[in-house]
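Colleague: The structure under discussion is supplied below as C-alpha cells; questions concerning it will follow.
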Amino acid sequence: MKTRTLTAVAAMLLAPGFAMADPDDDTLVVNGEIEMVTKTEAPDHMSDTYVDTIMSGWHFRSDETQSLQMDDFDNSGMVFVDIGRDQWNTAEGGEGKSCASCHGTPEESMEGVRATYPKWDAEADEVQTLAMQVNDCRKSRMDAEPYGYTSGEMANIEALIAVQSRGMPVNVAIDGPVSETWERGKELYYTRTGQLELSCANCHEDNYGNMIRADHLSQGQINGFPVYRLKNAKLNTVHARFKGCVRDTRAETYKPGSPEFVALELYVASRGNGLSVEGPSVRN
Amino acid sequence: MKPLITTALAVLATSAAATAGEVAPKDVTFGEYGAVEQSLTGKPGDPENGALVMKTKSVGNCISCHEVSALKDAPFHGEIGPILDGAGDRWSEAQLRGLLVNAKKTFPGTMMPAYYKVDGYVRPGDAFTGKAAEEPLPPLLTAQQVEDVVAFLSTQKEQ
C-alpha cells in the first residue's frame, strides 16, 4: 500500500480538489441496529495482490447515497423485497407449488444462504449461483418457467433472500471441487478485454479510490447485490453489472448465466469474504 | 446527388484503409522506447481540434483518466494517469505520437488504451454494444486526430 499512500499524499498536495476521492471512514449501521462490516482485512487468497483491506462499494458513494442505505424506509431496494415476498408465496407451474410450499417463510429457511453462494452443487456436478438454484427449484420442483437470469423477478427474489443474511459475513468456499472454477474466474478477472484492453483488476484493484471521469472507482465488490441503482431506478443483478463493465472495455461481453460469468462471480464473491452481506444496497 | 456519392466514397476510403498519404496502423514503426518519428499524415496537426478530441467522451475521452488544466472547461477529469500539464516539456513530438498510437510500447502493461491499433485484442467488440466485431477494428482515433492531439499536447508547456 505504500505507493498508493504516497500517490494519495502527492495528489492532495497538488490538487486539493481531488483529496475527497479516497474511500471514507463512515460506518454503516442499518435501521440503527444491523452493524455492517464494510472494511476488513483482505482474505488470504489475495496475498498475491497489494490489496490489504477490502471495502464495500458503499464507502465510495456520496454521503447522500450512503444515507439511503442506512434506513429501510429510504432504501428503494426494499420495495422489491416486498414484491419478492409476493412471488415467494405465489404458487406457479405444473406442480401448483410456491417457494413457501417447500421452504416456509424466508426468515425461517433463508438465513445465511446468500453468504455462501456461489457454491458447489454435487448433484449437478457444477458451481451454482443463487440465481441458478432459484431456477433449478422452479424447473424441477415447481415445473414452472425459469426466471430470466437478470430479470426483475430474479432480482426481487435475490433481494428477498439476501436480506435474510444482512450483516452476516460473506463466506464463499474457494477450495475443493470449486477450485477449478475459481481459478478460471481469477484468470478472467485479470484478462484485459476489448479494444480498450482493460481488465477488472485495472479498474477495481489498481485504481479503486481514483476517479475515472465522473465515477469514483470502488473495488467492484458484490456483497451488496442485488443493487438498487439511482441511475436506472431498478434492482440490478451481478451478471448484469459484469456485462456492463465488460461492454465498457469495448469487448464482446459474456452472457449472463454463462460458465464464464459464473466463474467470475465465484472469484469476485471470494474477494469479498469477510464483508457483510448488504443486499439490497443502494448505489448511483 | 453528386456530393452524396463523393461523401460515401470518402467514408469507404477511410474505413477500408488509411487515406492516401497516411501511415496505416499496421505500418507504424516504433523506436526502441516507443516513439514514432514519422507523422501519420505528413501534415501538421490542428491543436484546437486536438483539444476537442481529448475532451469529447465519444472520441478521445482522454480526460476520463487525465487531468489537464487547459481543458478545464470540460467537467470531470480523472485521476488514473498523470496530470498532462507540461506534457510538451516532458515529451518530444515523436514520443507523444508513440504514446497515442500505442502507449504500451513506451510503458509496458500500462492501462492507457492504444489509439491507433486495429488488432490483437481479446474478445474485440463493436464499440460499446457488447457485440462481437471482426478485426481489424477501426482505430479509436484517425491518423488526423492523433496528429491533432500531438499538436495540442506539444503546446502544453509549463516553463
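Every read-out reported here was derived from the displayed coordinates using simple, explicitly stated rules and does not represent laboratory data. Because the structure is predicted, anything quoted here is derived from the model rather than measured. FYI the Cβ positions are ideal-geometry reconstructions off the backbone, even for glycines, and counts take in every protein chain you see.
Colleague: For chain A, find the longest principal axis of its Cα atoms and tell me its angle to the long axis of helix A:259-270, 0 to 90°, nearest 10.
Modeller: Value to nearest ten degrees: 60.
Colleague: Using only the alpha-carbon atoms, what does the stretch B:117-159 span along each of its principal axes? Please give whole angstrom values in decreasing order.
Modeller: Between the extreme Cα coordinates on each principal axis of the stretch B:117-159 lie 46, 17, 16 Å.
Colleague: Cα convex hull of the stretch A:179-235: mean projected area in nm², to one decimal?
Modeller: 5.3 nm²
Colleague: Filter A:LYS39/B:LYS131; B:LYS104/B:LYS157; B:LYS57/B:LYS105; B:LYS57/B:LYS117; B:LYS26/B:LYS72 down to the pairs with a C-alpha to C-alpha distance above 26 Å, please. Each step should come with its number before you reach the end.
Modeller: Working: A:LYS39/B:LYS131 36 Å; B:LYS104/B:LYS157 24 Å; B:LYS57/B:LYS105 24 Å; B:LYS57/B:LYS117 19 Å; B:LYS26/B:LYS72 34 Å.
Table pairs above 26 Å Cα-Cα are A:LYS39/B:LYS131; B:LYS26/B:LYS72.
Colleague: Starting at the first residue of the stretch A:93-104, write each ³J(HN,Hα) from the Karplus equation 6.51 cos²θ - 1.76 cosθ + 1.60 with θ = phi - 60°, in whole Hz, x for Gly and Pro.
Modeller: Once rounded to whole Hz, the list reads x, x, 8, x, 10, 10, 4, 4, 4, 9, 10, x.
Colleague: Checking a compactness column here: for chain A, what do you get for Rg(Cα) / (2.2 N^0.38 Å), N being the number of residues?
Modeller: Working: Rg = 18.9 Å, N = 284, 2.2 N^0.38 = 18.8 Å.
Expressed relative to 2.2 N^0.38 Å, the Cα Rg reads 1.00.
Colleague: 5 Å is the cut-off here: which amide hydrogens, built 1.01 Å from N in the peptide plane, fall below it relative to A:LEU198, excluding neighbours closer than 5 in sequence?
Modeller: For A:LEU198, the qualifying residues are A:THR193.
Colleague: Could you compute Rg(Cα) / (2.2 N^0.38 Å) for the stretch A:199-284, with N its residue count? Could the numbers behind the result be given before it?
Modeller: Numbers: Rg = 12.6 Å, N = 86, 2.2 N^0.38 = 12.0 Å.
The reported ratio for this selection is 1.05.
Colleague: The stretch B:84-159: D in µm²/s via Stokes-Einstein (Kirkwood Rh, Cα pairs, 25 °C, 0.890 mPa s)?
Modeller: Values: Rh = 13.5 Å.
My calculation gives 181 µm²/s for D.
Colleague: Cross-link candidates for A:LYS139: which lysines have Cα within less than 18 Å, leaving aside residues fewer than 8 places away along the same chain?
Modeller: A:LYS97
Colleague: By DSSP, what percent of the beta bridges with both residues in the protein assembly as shown are antiparallel, rounded to the nearest 5?
Modeller: Details: 18 of 22 bridges.
Bridges in the protein assembly as shown are about 80 percent antiparallel.
Colleague: Percentage of Cα-Cα pair distances in chain B greater than 26 Å, rounded to whole percent?
Modeller: Values: 3435 of 12561 pairs.
Every Cα pair in chain B considered, those over 26 Å come to 27 percent.
Colleague: Turning to a different aspect of this structure: Tell me what chain A gives for mean residue ellipticity at 222 nm when only DSSP H runs of n ≥ 4 count, each as -39,500 (n - 2.57), the sum divided by the residue total, rounded to 500 deg cm²/dmol. Write out the running numbers ahead of the final one.
Modeller: Values: 12 runs with 105 residues, N = 284.
Estimated from H runs of four or more residues: -10500 deg cm²/dmol.
Colleague: Find me the longest stretch of chain B that has none of the exposed trypsin sites (Lys or Arg not before Pro), where exposed means in a DSSP loop (not H, G, I, E or B) with at most 15 other Cβ atoms within 10 Å. Can you show the working numbers first?
Modeller: Numbers: sites that count: B:LYS57, B:LYS72, B:LYS131, B:LYS157.
Longest stretch, sites excluded: B:73-130.
Colleague: A further question follows. Mean residue ellipticity at 222 nm from the helices of chain B, using -39,500 (n - 2.57) per DSSP H segment of n ≥ 4 over the full residue count, to the nearest 500 deg cm²/dmol?
Modeller: Rounded to the nearest 500, the figure is -9000 deg cm²/dmol.
Colleague: With only alpha-carbon pairs counted, each pair once and no self-pairs, how large is the Kirkwood hydrodynamic radius of the stretch A:103-251 in angstroms?
Modeller: Numbers: mean 1/r = 0.0587 Å⁻¹.
Hydrodynamic radius (Kirkwood, Cα only) of the stretch A:103-251 equals 17.0 Å.
Colleague: Follow-up question, since we're still on this one. Tell me, what HN-Hα J-couplings in whole Hz come from the Karplus equation 6.51 cos²θ - 1.76 cosθ + 1.60 at θ = phi - 60° for each residue of the stretch A:203-209, using x for Gly and Pro?
Modeller: Once rounded to whole Hz, the list reads 8, 9, 10, 7, 10, 5, x.
Colleague: Per 0.36 nm of contour for each residue apart, how much would the distance between A:ASP44 and A:LEU230 grow if the chain were fully extended, relative to their Cα-Cα spacing? Could the numbers behind the result be given before it?
Modeller: Numbers: separation 186, 0.36 × 186 = 66.96 nm, distance 3.39 nm.
So the extension gain works out to 63.6 nm.
Colleague: Considering amide H positions built from the backbone, and no H for Pro or chain starts, which residues 5 or more places from A:LYS97, or on another chain, come under 5 Å of its amide H?
Modeller: Here the answer is A:GLU92, since their amide H atoms fall under 5 Å of that of A:LYS97.
Colleague: Then there's this: Taking 0.36 nm per residue of separation and subtracting the Cα-Cα distance, what length does fully extending A:ASP26 through A:ALA122 add? It would help to have the intermediate numbers written out before the result.
Modeller: Working: separation 96, 0.36 × 96 = 34.56 nm, distance 4.10 nm.
Answer, rounded to one decimal: 30.5 nm.
Colleague: Right, another one. Can you tell me what the convex hull of the Cα atoms of the stretch A:68-116 projects to on average, as an area in nm²?
Modeller: It is 4.3 nm².
Colleague: Could I ask something else about it? At most 12 other Cβ atoms within 10 Å plus a DSSP loop assignment makes a site exposed; report the longest stretch of chain A without any exposed GluC sites (Glu not before Pro). Walk me through the intermediate numbers first.
Modeller: Working: sites that count: A:GLU33, A:GLU123.
The segment A:124-284 is the longest one with no such site.
Colleague: Can you list residues whose amide H is under 5 Å from A:TRP120's amide H, if they're 5+ apart or on another chain and H is modeled 1.01 Å from N?
Modeller: A:GLN128
Colleague: Can you list the HN-Hα couplings for the stretch A:246-253, worked out from phi with the Karplus curve (6.51, -1.76, 1.60; θ = phi - 60°), rounded to whole Hz and with x for Gly and Pro?
Modeller: Going residue by residue, I get 5, 4, 5, 8, 6, 10, 6, 6 Hz, with x marking Gly and Pro.
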